[in-house]
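I have placed the structure first, in the form of structure tokens, so that the comments after it can refer back to it.
The values are calculated or read from the model by the stated rules, or taken from the named source; none is laboratory data. Nothing here was measured: the structure is a model prediction, and the numbers come from that model. Using ideal geometry, Cβ is built from the backbone for each residue, glycine included, and neighbour counts are taken over all protein chains shown. Ligands, DNA and RNA are stripped out before the accessible areas are found, and what is left, the full protein with its side chains, is counted by its heavy atoms. Shrake-Rupley method; radii C 1.70, N 1.55, O 1.52, S 1.80 Å.
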Amino acid sequence: MGKYFPPSASGAPRYSGIKTFMRLPYVKTTEDIDFAVIGVPFDTACNFKVGARLGPSSIREASALMKNYNINLEVNIFDYLSGVDYGDVPVIPGDILQTYDNIVSELTPLLDNGVMPFVMGGDHSITLGELRAVAKKYGPVALMHFDSHSDTSVSVYGQKYNHGTPFRRAMEEGLLQPGHCIQVGIRGTQYGPEDLQGARDLGIKVVTANELHKMGVEKAGEIMRETLDGRPVFLTFDIDFCDPSCAPGTGTIEPGGFTSYEALSLLRELKDENIVAMDLVEVLPTIDPSGQTAFLASVLMNEVMAIKALQKKNGK
Ligand code: MN
Ligand code: MN
């Protein structure tokens, strides 16, 4: 057992108390921890419905239901990892450039201490700030991107920084390794064939939702691992990768997506990958009446924590 872990549920019910991620201690430390959960409640760079600024608080609330032991990976996260809820990055609504700087300054001390950040968005624009911080530590990284959208537009409304552009900007800024980036689940109507081609021209492998449904989880896992090639990986998960039937609480829903089961199975295909940071973005609790989207988000993050624990258990 490490220094920081959730309290036992035998002392008080899990729905009681002040909500942090998985009821972890809220401690702003970079010492004695393997991972830190951080909110980035920024949503003024999105094209359609706003509300992801409330994503982190909704994920924290939903996450109280989760437990520590993963029956598929056969590991208790906190037997091997120590983790905290690090609070939120101080974002500036409407000022994306300052917000990016704040993301970098909050994540840098964690990364410098070898701590893995688990970031809760926020809209997908925030990932560029995270990648700037991660690349300072690791150099350009491989990218594992779950989404129904490529997010590689040249600009949106003439703006460079938007939730439709982060991966093009990241490539331009040299934060990613072309040839070792993969997006899975891309679907929906587009403006033209250039949308997909634009991502491919940047050196990103695109697996459309249709292709992914046809090939299945195991084959997709092979392609993902082949592309990531054992390099340090940034894992970014836009909740709209999942079908609206599983994840209705997001701003740009796309039918024809993936079940929560498929999403979790795909994450487990990454159990031997060197994931150095993760984010989970685009949860909009105001249109998530049952809380199912926020809970799915917390379960997906929990799955990656279990993968990191298993790796530590196996001496990796
Ligand atoms: Mn996205
Ligand atoms: Mn999306």
### Query
Which of the chymotrypsin sites (Phe, Trp or Tyr not before Pro) found in region 94-195 are loop residues per DSSP with 15 or fewer other Cβ atoms within 10 Å of their Cβ?
157, 191
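Can you give the relative contact order of the chain as a percent, counting alpha carbon pairs under 8 Å and 6+ residues apart? Kindly include the intermediate steps, with their values, before the conclusion.
Numbers: 723 pairs, mean separation 67.3, N = 316.
Relative contact order comes out at 21 percent.
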### Square roots of five times the Cα gyration tensor eigenvalues for region 223-313, Å
25, 14, 11
### Hz values of 3J(HN,Hα) by residue in region 122-129 - Karplus curve (6.51, -1.76, 1.60), Gly and Pro given as x
x, 7, 6, 4, 5, 4, 4, x
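If r is the Cβ-Cβ distance from residue 136 to residue 200 and R0 is 25 Å, what FRET efficiency results, to the nearest 0.05? Could the numbers behind the result be given before it?
Values: r = 28 Å, r/R0 = 1.10.
Calculated transfer efficiency: 0.35.
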#### Entry: Estimated [θ] at 222 nm from DSSP helical runs (n ≥ 4, -39500 (n - 2.57)) normalised by residues in the chain, nearest 500
-10500 deg cm²/dmol
### Query
By how many nm would the segment from residue 95 to residue 72 lengthen if fully extended, with 0.36 nm per residue of separation less the alpha-carbon distance?
4.1 nm
### Task
Quick one: accessible surface of residue 67, probe radius 1.4 Å, all protein chains present, in square angstrom to the nearest 10.
130 Å²
### Task
Over region 56-142, calculate the relative contact order: mean separation of alpha carbon pairs under 8 Å at least 6 apart, over the residue count, as a percent.
24 percent
### Message
Viscosity 1.567 mPa s, temperature 4 °C: give me the Stokes-Einstein translational D for region 1-125 in µm²/s, with Rh taken as the Kirkwood radius over C-alpha pairs.
### Response
84 µm²/s
### Summary
accessible surface per residue for the chain, probe 1.4 Å, DNA/RNA/ligands not counted, whole Å² -> 40 Å²
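Using a 1.4 angstrom probe on the protein heavy atoms only, could you order 71, 92 from most to least accessible area?
Numbers: 71 130, 92 65 Å².
The most accessible residue leads, giving 71, 92.
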### Message
With 18 Å as the cut-off, how large is the P(r) tail for region 76-136, expressed as percent of Cα-Cα pairs?
### Response
35 percent
### Summary
Candidates 94, 203, 249; GNM for the chain (alpha-carbon contacts under 10 Å) flags as most fluctuating 94
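Placing unit charges on C-beta atoms (Lys and Arg positive, Asp and Glu negative, everything else neutral), compute the dipole magnitude of the chain about its Cα centre in debye, rounded to 20.
Rounded to the nearest 20 debye, it is 580 debye.
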### Bins of 5 Å, starting at 0 and running to the largest distance - Cα pair percent for region 198-266
3, 14, 22, 26, 21, 11, 3
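Per 0.36 nm of contour for each residue apart, how much would the distance between residue 286 and residue 8 grow if the chain were fully extended, relative to their Cα-Cα spacing? Please list the in-between numbers first.
Numbers: separation 278, 0.36 × 278 = 100.08 nm, distance 3.04 nm.
The span from residue 286 to residue 8 would gain 97.0 nm if fully extended.
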### Task
Give me the percent of Cα-Cα pairs in the chain that sit more than 33 Å apart, rounded to a whole number.
15 percent
### Task
Calculate the spin-label point distance for residue 272 paired with residue 316, positioning each point 7 Å from the Cα along the beta-carbon direction, and give it in nanometres.
0.8 nm
### Task
Report, in cubic angstrom per residue, the convex hull volume of the C-alpha atoms of region 274-316.
49 Å³
### Message
Viscosity 0.692 mPa s, temperature 37 °C: what is the translational diffusion coefficient of region 68-211 from Stokes-Einstein with a Kirkwood Rh over Cα pairs, rounded to a whole number of µm²/s?
### Response
197 µm²/s
